[in-house]
Amino acid sequence: MRARRNSAFQNTLRDHAIAGAWGFAEATFFFVVPDVWTSRVGLRRPKRALGTTVSALGGAMAGGTVTYWWGRTVAANTSRKALVKVPAVTDAMISGVEQEIAESGAASLLRGPSAVSRTSSTRGRPACSGPRSWRFLPGACLAEWSGSWW
């Protein structure tokens, strides 16, 4: 009986670790969303699904913080070159996002179901930096979280 409980606990830890790591990777330069893993977990263990979603969100927040820091420390051209290597992110998307952020600020991340692609093409962009850049964190979190529900 004890071995069974230990195995269940280890499986739970594994599910959360994979979700968190996947969220972190997706927030940096990996292009497959952690919903793939959290959906698999949800189909097999429905009670564990919300928890792994929160773990994926935590990983995404950590990855977003790292990417944000990276974007502030490298030249704009360097981050643009890295971003266009991510599948489905184009130079035109980056330019559009930069323009939208300049016009609307953090609210640009919350516009409709495409908010997830906006956060993807905004990764590491210096356009998100500045003295009030902390305002992007709540918007990015909300966009990341709401992207799972569209």
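Quick notes on this structure:
- Summed over segment 37-49, residues that are assigned to a helix (DSSP H, G or I) and in contact (Cβ under 8 Å) with a residue 12 or more places away in the chain total 4.
- Only listed residue being more than 25 Å from Ala21 (Cα to Cα) and either surrounded by 14 or more Cβ atoms within 10 Å (Cβ to Cβ) or modelled with pLDDT of 90 or more (or both), chosen from Met61, Met93: Met93
- Scanning segment 1-36 for residues that are assigned to a helix (DSSP H, G or I) and surrounded by 21 or more Cβ atoms within 10 Å (Cβ to Cβ) yields a total of 8.
The values are calculated or read from the model by the stated rules, or taken from the named source; none is laboratory data. None of these values were measured; they are calculated from a predicted model. As a convention, Cβ positions derive from the backbone with ideal geometry for all residues, glycine included, and neighbour counts pool all protein chains shown.
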